[in-house]
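Accompanying notes for the structure given below.
The values are calculated or read from the model by the stated rules, or taken from the named source; none is laboratory data. These figures come from a predicted structure and were not determined experimentally. In this analysis, Cβ positions are derived from the backbone assuming ideal geometry, glycine residues included, and neighbour counts consider all displayed protein chains.
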Amino acid sequence: MSNSANLQKTFELAVERYESLGVNVQHALDRLRDVAISVHCWQGDDVVGFEGSDGALGNGLAVTGNYPGRARTPCELRSDLELAYSLIPGKHRLNLHALYGEFDGPVDRDAIGVEHFQGWIDWGRSQGVNLDFNPSYFSHEKASDGFTLAHSDSGIRQFWIDHGIACRKIAAAMGAAQGNACVNNFWVPDGWKDSPASRKDPRERLAASLDEIFAEKLDAAHTLDAVECKLFGIGSESYVVGSHEFYMGYAISRNKVLCLDAGHFHPTEVISDKISSVMMYVPELLLHVSRGVRWDSDHVVTYTDELQSIMQEIVRGDYLDRVHIGLDFFDASINRVAAWAIGTRNALKAVLAALLEPTETLQQLERDGDYTGRLALLEEQKMMPLGAVWDYYCQSAGVPVGAEWLDKVRAYEAAVQSQRSCEVGAVVG
């Protein structure tokens, strides 16, 4: 029997197993095909961008490792992304940072425009890849002291306000070109290493700056404004202006999308526990799915309990239409295309596992007070043949099954990435 026939047979057996629990596998796969993960561009080049800088990050960001072959130009990054997308089932998005524009010469961030991203818009159209966007409030001389939109200097604040306004216009143009909203996410690293004398003043300045950025009403069909919280960063261990409480209140009062990053909280906190609460009060939610190890270290997403819990909360709460799933990790110690493939495939596996739960049965047992049945079914669910359904989904999507994708990455590495300059690797801020 051929591998294809074996895969089909194991899938049919898996369907029977899931049907015994009342789960419609085909319905789950149909829903999974509509899930678009926003793949982050900055994994491909270690968050260096194309502004012609020396790549020094700072502002709470650090990339470790010196694996050869990072992308150095937009063309190289797009080539790497095309390979990554070919290894991932489904149609997915690309999340761009503002420092990834295509600049003919020096262009400061308050002066960037749509013309600097037209190449990305054209590429996205040709590839069927929709774009999301982010202003870049780091790796810049006007952010060297750790403050941007909350800076005490009104001139520096205005520079970063103008950057935010420019980014909204770029995001709106992207959304108009692709026919669906470009999520434009604002993360600012502002904070102090030691305890401040006033926690209030910077937060008042940040709120005022954001209000000025968002003053112009833009078509929600073209762009959605998101704001992202954080507990601490390198150099802002004691105080971050844009805390969870700050942005939760801001998003609710200004009707903005709230972004929750899996690494932006205390190590004992998880964002899966926050999703159902947040969704009661904000219109939509953006997730940056990452894997922090002891701190916000942005490791490649693996198939962890928390990843599964995040996707379970989205599916169990029927939030798929209101949650935007993006990734956020950067690892220069392994092949960067492989990192994309591993992380995105794992995120999709977790969505599939959640869609294959007997959700209605579990919730009915809970409503009936049958907690014994609920626990028993949840535990039995863990041994269901998820892998057989995932392999079938990959095959039907025309992407490699199992670890076959790694052979394609290694062939590309040998033919393309290994030919790039050896001046690549660690960028530590």
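Numerical summary
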quantity: Some residue of the range 160-182 being of a type in the set (Gly, Ala, Ser) and at pLDDT below 95; calculated: no
quantity: Out of Ser144, Ser139, sole residue that is modelled with pLDDT under 95, small (Gly, Ala, Ser), under 22 Å from Asn95 (Cα atoms) and out of contact with any Ser or Thr (no Cβ under 6 Å at 6 or more places or on another chain); calculated: Ser139
quantity: Count - residues of the range 95-147 that are buried (at least 22 other Cβ atoms within 10 Å of the Cβ), of a type in the set (A, V, I, L, M, F, W, C), outside any loop (DSSP other than H, G, I, E, B) and touching a helix residue (DSSP H, G or I) at 6+ places or on another chain (Cβ under 7 Å); calculated: 5
quantity: Residue within the range 316-333 that is part of a helix (DSSP H, G or I) and closer than 20 Å to Leu29 by Cα present; calculated: yes
quantity: Pairs with Cβ under 8 Å, 6+ apart, first in the range 74-92 and among the aromatic types (Phe, Trp, Tyr), second in a helix (DSSP H, G or I); calculated: Tyr85/Gln127
quantity: Single residue of Ile310, Ile334 found to be more than 19 Å from Leu94 (Cα to Cα), crowded, with 17+ Cβ neighbours inside 10 Å and within 26 Å of the chain's Cα centre (by Cα); calculated: Ile310
quantity: Boolean, Arg420 is charged (D, E, K, R) and at pLDDT 95 or above; calculated: no
quantity: Helices (runs of 4 or more DSSP H) lying entirely in the range 351-428 (those with 3 or more residues that are farther than 30 Å from Asp46 by Cα); calculated: 359-367, 371-381, 386-397
quantity: Criterion (assigned to a loop (DSSP other than H, G, I, E, B), more than 19 Å from Val401 (Cα to Cα) and modelled with pLDDT of 95 or more) met by exactly one of Ala56, Ala36; calculated: Ala36
quantity: Inter-residue pairs, beta-carbon under 6 Å, first within 21 Å of Leu83 (Cα to Cα) and in the range 383-405, second not hydrophobic (A, V, I, L, M, F, W, C), 6+ apart; calculated: Trp390/Lys349; Tyr393/Pro89; Cys394/Pro89; Ala397/Pro89; Val399/Pro89; Val401/Asp391; Val401/Gln395
quantity: Qualifying position, being among the acidic types (Asp, Glu) and in contact with a Gly (Cβ under 7 Å, 6 or more places away or on another chain), among Glu102, Glu76; calculated: Glu102
quantity: Pairs where the first residue, in the range 27-46, is in contact (Cβ under 8 Å) with a residue 12 or more places away in the chain and closer than 18 Å to Val289 by Cα and the second is in a loop (DSSP other than H, G, I, E, B) and of a type in the set (S, T, N, Q), C-beta under 9 Å, 6+ apart; calculated: Ala36/Asn130; Ser38/Asn130
quantity: Which numbered condition Gly65 misses (of (1) on the phi > 0 side of the Ramachandran plot; (2) at pLDDT 95 or above); calculated: (2)
quantity: Filtered residues of the range 7-27 (kept if loosely packed, with under 12 Cβ neighbours inside 10 Å and out of contact with any Pro (no Cβ under 8 Å at 6 or more places or on another chain)); calculated: Glu16, Glu19, Ser20, Gln26, His27
quantity: Checklist (1) out of contact with any strand residue (DSSP E or B) (no Cβ under 7 Å at 6 or more places or on another chain); (2) assigned to a loop (DSSP other than H, G, I, E, B) applied to Lys230, failing item; calculated: (1)
